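Remarks on the structure that follows.
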Amino acid sequence: MEPLRVGVVGCGVISGTHGDALRRLEEEGLARLAGTTDVVRGRAEEFAGKYGCKVFESFDEMIASPEIDSVTLCTPSGLHGRMATQAARAGKHILSEKPLDVWIDAVDEAIAAAKAAGVTYGGVFQERFSPAARKVKRAVESGAFGEIVLACAETKWYRSQEYYDSGDWRGTWALDAGVFSNQGIHSLDKVQWLAGPVEEVLSATLTPGFHRTIEGETLGVATVRFQNGALGTITMTTLAYDGFPERIDVSGTKGSAMLVGDHLAHFTTKDPYEDEFGDLSGSAETQSNTSKDPAALVGDGHYGNIRDFVLAVREGRPPQVAAEGARDAVNLLNMIYAKAKVGPYA
């Protein structure tokens, strides 16, 4: 089978991570970075010069090209859904950076378009690929934690006004929203990936534009009920100088765990439990600076996520982060915004 020919759309901060992963996959004979495009021609040319790929004049030109099999969307969040829909209708497979979109209607339209076209549609939630997160997921699925009764998520990071001023799309309701949509979307994904989908948002208080000149929220707290009856709390801000690691904890009747960043800070079960991951306590690989530096990434999560997507296309199977599962984070995001009555729900 020939390598999957991939076009990277958008040449901002995260595009280099995709480029590096695709370069590794090219060495494995699985994929080839075949092109890029950006609304700023100079950024696309710089990216193409680094990775040795073609520059397309526009997204429309890229998805019309027979030289491209699949696209990865590294554009502002509020463009992801409509671009995924366009790519699907052009017969291209799609891998979207987080989130699939800010608004659930755009996600559902893209999922429907991908199904109708018979193309693969996946998302990027690279934190699912860390050994620590996979160990907790395996324990939950095996029943080692018993019944999950409480699951809590905290993303208490720091972003300066200069960060928001670095792009006119940042912090806008149309293209980005706030901390729950951007920095905290991994928490909304991971807490549901581990504890199951949220059925109801019981309360939500969010503060748009608090201490930052943006439309979206910089601080918020929500309480939720999961489908199995468990309760949860979600706390997020971009005002906590100079940032804490993301934290997810899951409590069950027979075991519990706490993830701090990609580090397994706590793991215990009432009954003996062993898996292929072994003892991950004290793992040093997981100390990330994303809490204060948006360009900081740790580990091989993106590579694993992108590699799995490429293999899914080649093997004709759903990716591990399929759009249908990645949708849960956006659905919860919109439920929280609706409960808090902010943005379009005000």
query = How do the pairs read when you match residues in the range 75-87 that are touching a residue at least 12 places away in the same chain (Cβ under 8 Å) and part of a helix (DSSP H, G or I) with residues anywhere that are open to solvent by 10 Å² or more (accessible area, probe 1.4 Å) and of a type in the set (Val, Ile, Thr), using Cβ under 7 Å and keeping only pairs 6 or more apart or on different chains?
reply = Met83/Thr75; Gln86/Ile63; Ala87/Ile63
request  = Report the residue count in the range 312-326 for those that are surrounded by fewer than 21 Cβ atoms within 10 Å (Cβ to Cβ) and either touching a helix residue (DSSP H, G or I) at 6+ places or on another chain (Cβ under 7 Å) or on the phi > 0 side of the Ramachandran plot (or both).
outcome  = 4
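Would you be able to tell me the number of residues in the range 216-233 that are open to solvent by less than 10 Å² (accessible area, probe 1.4 Å) and not in a strand (DSSP E or B)? Let's see the steps before the verdict.
So in the range 216-233, the residues open to solvent by less than 10 Å² (accessible area, probe 1.4 Å) come out as 216-218, 220, 222, 224, 226, 230, 232.
Narrowing further to those that are not in a strand (DSSP E or B): 216, 230.
Matching residues across the range 216-233 total 2.
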inquiry  = If I filter the range 234-261 down to residues being in contact with a His (Cβ under 7 Å, 6 or more places away or on another chain) and within 22 Å of Thr207 (Cα to Cα), which single residue comes out as surrounded by the most Cβ atoms within 10 Å (Cβ to Cβ)?
reply    = Glu246
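Select, from Phe277, Phe267, Phe309, the only residue that is at pLDDT 95 or above, open to solvent by less than 50 Å² (accessible area, probe 1.4 Å) and of a type in the set (Phe, Trp, Tyr). Walk me through it before giving the result.
Values: Phe277 fails: at pLDDT 95 or above; Phe267 fails: open to solvent by less than 50 Å² (accessible area, probe 1.4 Å).
Selected residue: Phe309, the only one of Phe277, Phe267, Phe309 that is at pLDDT 95 or above, open to solvent by less than 50 Å² (accessible area, probe 1.4 Å) and of a type in the set (Phe, Trp, Tyr).
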ask   = Consider Asp300 against the criteria (1) modelled with pLDDT of 95 or more; (2) open to solvent by 60 Å² or more (accessible area, probe 1.4 Å); (3) closer than 30 Å to Lys115 by Cα; (4) among the charged types (D, E, K, R): it satisfies all of them except one. Which criterion is unmet?
value = (1)
Failed criterion for Arg43 (all others in (1) part of a helix (DSSP H, G or I); (2) closer than 21 Å to Leu175 by Cα; (3) open to solvent by less than 60 Å² (accessible area, probe 1.4 Å) hold) = (3)
query = Is there a residue in the range 70-81 that is open to solvent by 70 Å² or more (accessible area, probe 1.4 Å) and closer than 22 Å to Trp169 by Cα?
reply = no
task = Only residues in the range 47-70 that are under 14 Å from Arg5 (Cβ atoms) count as the first member; pair them with residues that are aromatic (Phe, Trp, Tyr), Cβ under 6 angstrom, at least 6 apart or cross-chain, and list the lot.
result = Met62/Phe56
request  = Inspect the range 7-24 for any residue being in contact with a Pro (Cβ under 7 Å, 6 or more places away or on another chain) and modelled with pLDDT under 95 and give the result as yes or no.
outcome  = yes
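The values are calculated or read from the model by the stated rules, or taken from the named source; none is laboratory data. In this text the structure is predicted, and so the values were computed from the model without any measurement. When we count neighbours, we look across all protein chains shown, and the Cβ atoms used for this are built from the backbone with ideal geometry, even at glycine. Quick note on the areas: whole protein, heavy atoms, side chains included, nothing else; ligands and nucleic acids left out. Shrake-Rupley method; radii C 1.70, N 1.55, O 1.52, S 1.80 Å.
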